[in-house]
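Before any comments, here is the structure.
The values are calculated or read from the model by the stated rules, or taken from the named source; none is laboratory data. All figures in this text were calculated on a predicted structure; none of them were measured in a lab. Note: ideal-geometry Cβ built from the backbone for every residue, glycine included; neighbour counts use all protein chains shown.
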Amino acid sequence: MKRIFITSVVALALILGSVVAAQALSGYTFSSYLKVGSTGADVSALQNFLMGAGFDIPSISSGAAQTGYFGQQTKAAVVKYQGSVGLPTTGFVGPLTVAKLNGTSGAVASGAVVCPVGYTCTATPGASTPVVAGTGTITTPGVGGSLAISLQATPSNGTSLSKGQEADVVTYKLQAGSSDMSLSSMYLDFNNRLWLYASSVTVLDGSTVIARKDNLTANDFTELTVGSNYRLNVPIVGYVVPKAATRYLTVHLKMLPVSDRSSATVSITQLQTRAVDGTGVTDTQTLASTRTFSYTGSNNGQIVVTLNASSPLQSLVQISQAAQTDNVLLAKYDVKSQNISGTLRSLTLGLHTQNVGLTALFGDVKISVNGHTYSADTIASTSGSWDGTATFTNLNEVLPADQYVTVSVYGKINQDTNGTLLTGASASTTLAASGTAGGTSNNPSIEDASYSALAVNSNTVAASTLNFSSSSATLTSMSATLVGTVTNGNVGGVSVATAQSVSFTFTMTAGNNTLYMSAVPSTALGTTTTGYASNTNASTTISDVTANPGTIAGDVAGSYFVIPAGSSRTFVWNGTVKYEVATGQILRTFKISRVNYGTSSSALTANNITYNLDALKVSPTI
């Protein structure tokens, strides 16, 4: 994120007119701005000057490190130096600090600055309307305004964090009045020493980072009340809330990856914002609302469950019509025993199927942990639904402290005996983690060295849905619509016949084989018509088809379409449904009941899909 330094002509004049002979003190002319991560001769000269002036850098003065790298200890020394000479204590060696170090000969001339990468330095004359950059610009010069702030319900109290974890802990609503408001800072008050538990604080607008404080130390906080009240200033530059608009800012914490601290409860007790309106006046708002989160220290075991990054994404899985299909990877979950090692004793997985019953689909469910494989003790369906569970007991898998161990879940999929029973079925798994320290029904159940159950960070982790097909094809995104109405007039002196345009849409996905589908409606589709009156004026016709993607290599216009292995194409079949107005009843229900296809262009009806096609149905009514 860019940091923006706004320098007025008045400020430049003060710099240029400085009578402090800092150059003589430092014996060096600084030619660039410096920050954490900077290296080179300027950094070495800065460090030598700071230590010579009494601002210690312990790692260098002790001989453990050499000069030339700008680290956190150098930043702390810069902060102290800046405070001693009346400069803003930012820890950044920018225009003001370089000018102070160099004296008049090193000051910025005529408002020109040479900024480091990632920074923008803007000169603004006099005391005119403030100029900001980044997420917006003041568009209401000369208009006064204010910024109202309020606490949002989500995230709520009770967020649980352990070392190495990160999460959103509080969200604030900001609403501008009659002027754009340029937010300059947020002050967050904590009831505990946050730097002992957290490594960074980030402020986000949605997914956009607008400010961040990394590598937190005690130097970043002001102790307002000894032992109980600590204020963190999060500078925000260039973020504008437009007039009469609302924005939501979320505070996100990242905990230290290693800590020997005991468990603690930490609260954000107050937010204070400062924002500049179109007249250049600063509006300060204070909100004394508490948001609390908990930290689990290293002396308390805690189980964390997440989804492994390589867990399968939603996809089509080829199964067999001749035998069971074994070792189909359903999901990968990561389980970590934080702070202390543990032993995995039992685990229950949620199983969820569609279009087929649980036991009809699964012959077995297995898990693999640390190279060991276990079959489920029980696979049980929930009464009245296709959901159920797979339970694993008598496990004995060591989970080293603070290391994620992967639990891979595999399914044995039953034989698709007639090519239609399981084709079109889908399944997914979940791991619902819950439990307390010493509890008897924890999931997963993990014990420490004294055989006591460890607490589990409660959440439900869901894996992606897998679709199964033995015919190497599946249909999705199915729909049928009646489009327009056309009156044809009197037909044979009997009644008025009306025709409506109909459109049928579906997406076909090929599995391991390239597929072919006829472009001729009567060949590609099987249709069913029910409930119509006995006269010749009621009829249905499908006349043409379009594909998306359009024509591809292998297609033969007017003859057939190609669906390459592992890819999808969407087809729209267009036609007309005709019925009689005079009868006053539903005359016909028309649906596509079967889609034919082949694995070669010479056998376009060798295979078909007949499942879940109720979506491809129209019923014209009068």
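Values as computed for the structure displayed
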item: Subset of segment 224-246 [more than 18 Å from Gly144 (Cα to Cα) and not small (Gly, Ala, Ser)]; result: Leu224, Thr225, Val226, Asn229, Tyr230, Arg231, Leu232, Asn233, Val234, Pro235, Ile236, Val237
item: Filtered residues of segment 406-433 (kept if out of contact with any Ser or Thr (no Cβ under 8 Å at 6 or more places or on another chain) and under 19 Å from Gln302 (Cβ atoms)); result: Thr406
item: Residue among Asn339, Asn394 that alone is surrounded by fewer than 14 Cβ atoms within 10 Å (Cβ to Cβ), more than 23 Å from Ser311 (Cβ to Cβ) and of a type in the set (S, T, N, Q); result: Asn394
item: Pairs, first assigned by TED's automatic domain parsing to the domain that holds Gln338 and among the hydroxyl-bearing types (Ser, Thr, Tyr) in segment 440-451, second assigned to a strand (DSSP E or B) and surrounded by 10 or more Cβ atoms within 10 Å (Cβ to Cβ), C-beta under 8 Å, six or more apart; result: Thr440/Ala453; Ser445/Leu344; Ser445/Arg345; Ser445/Ser346; Ser445/Leu347; Ser445/Ala453
item: Residues (closer than 25 Å to Leu422 by Cβ, exposed (fewer than 13 other Cβ atoms within 10 Å of the Cβ) and modelled with pLDDT under 85) located in segment 474-532; result: Asn512
item: Test: Gly164 is assigned to a loop (DSSP other than H, G, I, E, B), at positive phi and either polar (S, T, N, Q) or touching a residue at least 24 places away in the same chain (Cβ under 8 Å) (or both); result: yes
item: Any hit, segment 295-314, residues being at pLDDT below 90, of a type in the set (A, V, I, L, M, F, W, C) and in contact with a strand residue (DSSP E or B) (Cβ under 6 Å, 6 or more places away or on another chain); result: no
item: Residue match in segment 580-603 (condition: under 19 Å from Leu482 (Cα atoms), in contact with a Phe, Trp or Tyr (Cβ under 8 Å, 6 or more places away or on another chain) and at pLDDT 90 or above); result: yes
item: Count - residues of segment 60-95 that are in a loop (DSSP other than H, G, I, E, B) and within 38 Å of the chain's Cα centre (by Cα); result: 8
item: Yes/no for Val98 being in contact with a Ser or Thr (Cβ under 9 Å, 6 or more places away or on another chain), outside any loop (DSSP other than H, G, I, E, B) and modelled with pLDDT of 50 or more; result: yes
item: Qualifying residue in segment 180-190 (condition: within 15 Å of Asp277 (Cα to Cα) and not in a strand (DSSP E or B)); result: yes
item: Only one of Tyr410, Tyr374, Tyr404 that is touching a strand residue (DSSP E or B) at 6+ places or on another chain (Cβ under 7 Å) and closer than 18 Å to Leu466 by Cα; result: Tyr410
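Residue by residue, here is whether (1) assigned to a loop (DSSP other than H, G, I, E, B); (2) within 27 Å of the chain's Cα centre (by Cα) holds:
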{"site": "Ala390", "(1), (2)": "no, no"}
{"site": "Lys412", "(1), (2)": "no, no"}
{"site": "Gln415", "(1), (2)": "yes, no"}
{"site": "Leu421", "(1), (2)": "yes, no"}
{"site": "Ala427", "(1), (2)": "no, yes"}
{"site": "Thr430", "(1), (2)": "no, yes"}
{"site": "Thr436", "(1), (2)": "yes, no"}
